[in-house]
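No lab work stands behind these numbers, since they all come straight from the coordinates. Quick caveat: nothing in here was measured; it's all calculated off a predicted structure. Reconstructed Cβ throughout: ideal geometry from the backbone, glycine too, with neighbour counts over all protein chains shown.
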Amino acid sequence: MTKRIFRATLTVALTVLLASLVLIVGVLHGYFQDRVLEELASRTSYIALGIEHEGMAYLEDGFPNDCRVTWVAADGAVLWDNREDPAKMENHADRSEVHEALVLGRGHAARYSDTLSQKTLYYALRLSDGSVLRVSDTQYSVWMLVLQALQPVALVMVLAFCLALWLAGRLARQLVEPINAVDLNDPGDEIDYEELAPLVGKLRSQKRQISRQMEDLRRQREEFAAITGNMSEGLLVIDRDTRVLSYNAAALRLLNAQAPAEGESVLTLNREPGFRRCVEEALAGRRREELLEREDGCRRLFASPVELDGQTGGAVIIVLDVTEQEQREALRREFTANVSHELKTPLTAILGTAEILENGMVKAGDIPHFAGNIHREAQRLIGLVNDIIKLSRLDEGGPTAQWETVDLHDAAEEVLRQLAPAAENKQVTMTLEGGPACARGVPQIVEELIYNLCDNAIAYNRPGGSVTVTVADTPEGGRVTVRDTGIGIPPEAQTRVFERFYRVDKSHSSGGTGLGLSIVKHGAAYLGARVELESEPGKGSTFTLVFPKITE
Ligand code: ADP
């Protein structure tokens, strides 16, 4: 703006200067020409008077040669001239000043020389005899005058130009200064130019509006950040060019990604094809769901397009941690397959035996043996179903029975009493050692745990072996240890024996369901107890149940 004002002012100043110069030169030139003409006129009158009185003698009597004098007869023939030979001069009747004088009595004219550098002024006067006296004088033309005065004129012009430059600059600065002084962040009421008042008023109101909107925006962002920051689900909002507009901490954690830089593509957060598919499909306007299976767990992605003015303007991606869900689902599938398989074995045996009996292919004496088979398999089936029911109850949060203080010694004694026939059958001696100890829990579950451990200690023992159950009250809490002298468990199987349907010996020769230790693990967890296992193949195993200390 300063520059424009400066240029405009300078242009005006220079134009006015030039115009003034031209006008002044023109006016002065006209003025001097008038003066010269006046002088010529008085001179002509004076010479005319001389001629009227003395005739040609006046002229030939030594006439000053400072101006040209021509005496022309009434027919235009030159009678006398002080510069040229009249005989050689052409007829002057057609010269405008002569013609004018012949007609009107006096006349004048001005003519430029060929080079335009000089101008000749003529004044003609008709004498009483009808002849015309013409006196002329030369003066410099206006161009010549200007050329001659070029040096001082140029000097004046340069000075004027410098002055104009300085004044234009100063003026431009002075004009712009009050505008620059307006504080756009806080335009006050006092403005030097009243023309700017509406603009400043508008600025002020727009500024208020912008700060209100900024405040609203900031509050909304804070609310949004507070809500999304506390979400366990990951949230990503992207624009149509996949740039991340918003994200929460959970999204970064679940995708194991670093915070994206401003304007960075969401595809840099995760390079998996499933993630890319989700983003592309959502931006193409279609909802998409994907499961990412990663080393650190499973993530489910839900990507939905965001519509803006009838077009897909971006997308929202929700990231869920479904690791546990997927694991549970896998376990459930495995469990269902195992259960079906385990149920099928005894049922097939029962069915086969029943068919043989039905077809009368069995001798009367063998019937008890076959019936015994059916009985054993049916019992195995019932045992399996019972174990499944117990496990599913524990899975659902345990039985609804009341918690009591259970005497662990009494519970172990009862278990040994129940298992005495089985031990005798297997030629295993059972001993109960230790003293009284108590634990808080459901008596039925406590007994179940000790029973399963002792049952296994007998089942996986060798003839003549022993099982020692020790009950002790320790600073940690009640403790039950079941030690056997059986076949032991190989180290690689020691963590797996607690899995459902896991058996070290896959031939099922023991007749167990493969659920006993699973029930122990879940039951102990339900009671807040801990199970420990030490075992050495060929020497025996020791299972320990450590119940939490009763705090009352
Ligand atoms: P099962 O019904 O087969 O006994 P469990 O869950 O009780 O199922 O035991 C799982 C597996 O752990 C058994 O099949 C067996 O191989 C092994 N096992 C359990 N207890 C003992 C033990 N005291 N000595 C040796 N092996 C054992």
Query raised in the report: Residue separation times 0.36 nm, minus the C-alpha to C-alpha distance between GLU54 and GLU404: what's the value?
Result: 108.8 nm
Query - Stokes-Einstein translational diffusion, the chain - Kirkwood Rh over all Cα pairs, 0.692 mPa s, 37 °C, in µm²/s - result: 87
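If the only charges are +1 at each Lys and Arg Cβ and -1 at each Asp and Glu Cβ, what is the size of the charge dipole of the chain around the Cα centre, to the nearest 20 debye? Don't jump to the answer; show the numbers that get you there.
Numbers: 59 positive and 79 negative charges, 223 e Å.
Here the size comes out at about 1080 debye.
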Requested in this report: Figure the gain on full extension for GLU326 and ALA472 (residue separation times 0.36 nm, minus the Cα-Cα span) and round it to one decimal in nm.
Outcome: 48.5 nm
Query - Partner lysines for LYS390 [C-alpha distance under 29 Å; skip if fewer than 8 residues away on the same chain] - result: LYS344, LYS426, LYS506, LYS521, LYS549
Report summary line: Burial-style ranking of 392-399, 460-467, average other-beta-carbon count within 10 Å with highest first, yields 460-467, 392-399
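For a Förster distance of 51 Å, can you work out the FRET efficiency between the beta-carbons of SER392 and ALA225, rounded to the nearest 0.05?
Values: r = 44 Å, r/R0 = 0.86.
Result of the calculation: an efficiency of 0.70.
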Report summary line: Least to most buried among TRP143, TRP403, TRP80, by other C-beta atoms within 10 Å and fewest first, runs TRP403, TRP143, TRP80
Query - Cβ-based charge dipole, the chain, positive-most Cα from THR120, PHE498, ALA110 - result: PHE498
Query raised in the report: With point charges of +1 on the Cβ of Lys and Arg and -1 on the Cβ of Asp and Glu, referenced to the Cα centre of the chain, which listed residue (GLN174, SER136, THR15) lies farthest in the positive direction of the dipole?
Result: GLN174
Query - Assigned charges on the beta-carbon of Lys, Arg, Asp, Glu; the stretch 401-546 dipole about Cα centre (debye) - result: 520
Report task. Residues in the stretch 1-29, backbone N under 18 Å from the label point at LEU163 (7 Å along the Cα-to-beta-carbon vector): list them, ranges by number please. Result -> 9-25
**Report entry** Taking all pairs of distinct alpha-carbon atoms in the stretch 231-321, Kirkwood radius in angstrom
**Finding:** 12.8
Report summary line: Averaged over all viewing directions, the convex hull of the alpha carbons in the stretch 2-148 casts a projected area in nm² of 11.2
Report summary line: Summing -39500 (n - 2.57) over every DSSP H run of at least 4 in the chain, dividing by its residue total and rounding to the nearest 500, the 222 nm mean residue ellipticity is -17000 deg cm²/dmol
Requested in this report: Provide the gained length on full extension for the span ALA337 to VAL25, in nm with one decimal, where the gain is 0.36 nm per separating residue minus the Cα-Cα distance.
Outcome: 100.4 nm
Requested in this report: Give me the angle, in degrees from 0 to 90, between the Cα long axis of helix 323-358 and the longest principal axis of the Cα atoms of the chain, rounded to the nearest 10.
Outcome: 30
